[in-house]
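Participant: Below are the structure tokens for one structure; questions will follow.
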Amino acid sequence: MSSVLVISAHSGLLDRRIVAQLNELAASGRKVRFVTTPVQLDGSGLHPAVDVIGRGADSPSSESGGGAAKTGSPIAADRIGPLKRLYRMLPQPVRLLRRDAGYTLFPNRQPPHTRFLVEAAAGLDADAVHCHDLETLPAADALCAAIAVRTGVRPKLIYDTHELFPFQEPSRSFQRYWTAIERRFIAGADAIIAVNSSIADELVRRYRVPAPAVLYNSFGVSLPDQNLTRAEALHRLGFAEEGPPVVLFQGGFTWARNLRNLVLAFASLEQRARLALLGGGPAAPGLQSMIRNQGMRNVSIASWVRPDELLSIVRRVDMGIIPYRGDRCLNDRFCTPNKLFEFMEVGLPICSSDLPELRRIVRGCGIGEVYDMSDASSIAAAVTDCLEKVRSGAFTGLRDTARTEHLRWPAQARTLLGLYDRLGV
């Protein structure tokens, strides 16, 4: 039986892309260990056969959910020192300036969490080390080297990048630092996985690596259906059942996601549409102030829900929206966010920004339409037009699921297991 060591430095709710892959690898009969910084596992649907190393204090006990045991070295949230706590209290612009200064002054420092992850996985052997996102790649390389010293055989290294990581931010110091890390370590990977073709092509162009496998963020986690009625779901979102159609944005609240323009757009749509914002993040207080100051009754903010509750709410609204702009950084331009596949999973019509991968999937599969969303007025026009298309039954791909079959989890699972088979693990 092959053994796989999977490592992640994701925080908050455990990314369901990681959960789906862990579950598929465990179900295939492989021995799977998962090394993670503190993360929320409750309600994630993690397979009970996955051995979780260091769940940390941010997660409930194994008895309350997730089904995985805590073993190995603990990774506790209370190890955060007083200086780091003080840093987290600083305003976001000050924190970003300090961060960027660190990238400039210390270009050769290890990425955050590298030591954490290496210590947590110390002494563990594996046939493959599968690391999620660039910030874990140096740790994965170090673990492969340590295993090779102990056993005489270097495990296969699989680099699974969820983003065009160095280009998530417009900051040049951020881009230079992470590009140098990626260039240094990516050549040592035995296989590379990207979340879409545009990012895969960009990795080939930048680093001259073999073409990565493309594995989409499809919804691949089997979760219980809460079976909420429309009235119950809308109540959770802060609305009554009666009223104009409800458009949903769900995910992280950051200004970079064009949320200011999204909210302002609904000021002119009060009698025609309602906007539900489901999630949380640094922009939440500012969004609340905008809604309150403008007296907007057709916009509501609801906090994060557990992964096993999400789809029961998403399926009860009228349309999903992805308003991202592609002019801030390259990663935004090439995005295929989780919400795209969550909307797709429940057959929800999608109103999306006109970005390359979103256009190819949303319009190409007939599950929604893409628009210019550069300002509030263009978003308002997009919502109005897309809701009219929904009413007219224009999106035939919502009924013909064969058009999206290649994007759904069974196809992605075959890609994942095929890659492992080719590597011989």
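Participant: Run down Ile186, Ile193, Ile181 and say which single residue is surrounded by 17 or more Cβ atoms within 10 Å (Cβ to Cβ), outside the structural domain of Val314 (by TED's automatic domain parsing), within 19 Å of Asn338 (Cβ to Cβ) and out of contact with any Gly (no Cβ under 8 Å at 6 or more places or on another chain).
Facilitator: That would be Ile193, the only listed residue that is surrounded by 17 or more Cβ atoms within 10 Å (Cβ to Cβ), outside the structural domain of Val314 (by TED's automatic domain parsing), within 19 Å of Asn338 (Cβ to Cβ) and out of contact with any Gly (no Cβ under 8 Å at 6 or more places or on another chain).
Participant: So which residues in the range 2-32 are within 19 Å of the chain's Cα centre (by Cα) and of a type in the set (Lys, Arg), if there are any at all?
Facilitator: Arg16, Arg17
Participant: Something else about it: Considering only residues that are surrounded by fewer than 23 Cβ atoms within 10 Å (Cβ to Cβ) and of a type outside the set (A, V, I, L, M, F, W, C), which ones fall in the range 121-151?
Facilitator: Passing the criteria: Gly123, Asp125, Asp127, Asp133, Glu135, Pro138, Asp141, Arg150, Thr151.
Participant: Ok, one more. What are the residues in the range 365-398 that are among the charged types (D, E, K, R) and either touching a residue at least 24 places away in the same chain (Cβ under 8 Å) or in contact with a Lys or Arg (Cβ under 9 Å, 6 or more places away or on another chain) (or both), if any?
Facilitator: Answer for the range 365-398, where residues must be among the charged types (D, E, K, R) and either touching a residue at least 24 places away in the same chain (Cβ under 8 Å) or in contact with a Lys or Arg (Cβ under 9 Å, 6 or more places away or on another chain) (or both): Glu369, Asp375, Lys389.
Participant: Given (1) under 18 Å from Leu25 (Cβ atoms); (2) over 21 Å from the mean Cα position of the chain (by Cα), identify the lone condition not met by Arg172.
Facilitator: Failing condition for Arg172: (1).
Participant: Looking at Leu264, Leu278, Leu228, can you tell me which residue is in contact (Cβ under 8 Å) with a residue 12 or more places away in the chain, within 30 Å of Ser374 (Cβ to Cβ) and not in a helix (DSSP H, G or I)?
Facilitator: Leu278
Participant: With the requirement that a residue be part of a helix (DSSP H, G or I), over 24 Å from Pro170 (Cα atoms) and within 24 Å of the chain's Cα centre (by Cα), what does the range 231-261 give you?
Facilitator: Within the range 231-261, Ala233, Arg236, Leu237 meet the criteria.
Participant: Also: Kindly indicate whether Ser300 is outside any strand (DSSP E or B) and either in contact with a Leu (Cβ under 9 Å, 6 or more places away or on another chain) or in the same structural domain as Glu345 (by TED's automatic domain parsing) (or both).
Facilitator: no
Participant: Return only the number of the condition from (1) modelled with pLDDT of 95 or more; (2) acidic (Asp, Glu); (3) loosely packed, with under 15 Cβ neighbours inside 10 Å that Glu202 does not satisfy.
Facilitator: Evaluating Glu202 over (1) modelled with pLDDT of 95 or more; (2) acidic (Asp, Glu); (3) loosely packed, with under 15 Cβ neighbours inside 10 Å leaves (3) as the failure.
Participant: Given the criteria in contact with a helix residue (DSSP H, G or I) (Cβ under 8 Å, 6 or more places away or on another chain) and either of a type in the set (Lys, Arg) or within 13 Å of Ile321 (Cβ to Cβ) (or both), does Tyr371 qualify?
Facilitator: Criteria met by Tyr371.
Participant: While we're looking at this one, here's another question. Ser300 is checked against (1) out of contact with any strand residue (DSSP E or B) (no Cβ under 7 Å at 6 or more places or on another chain); (2) in contact (Cβ under 8 Å) with a residue 12 or more places away in the chain; (3) not charged (D, E, K, R) and fails just one. What number does that condition carry?
Facilitator: Failed condition: (1).
The values are calculated or read from the model by the stated rules, or taken from the named source; none is laboratory data. Note that the coordinates shown come from a computational prediction; the quantities given were computed from them, not determined experimentally. All Cβ positions, even for glycine, are placed from backbone atoms using ideal geometry, and neighbour counts span all protein chains on display.
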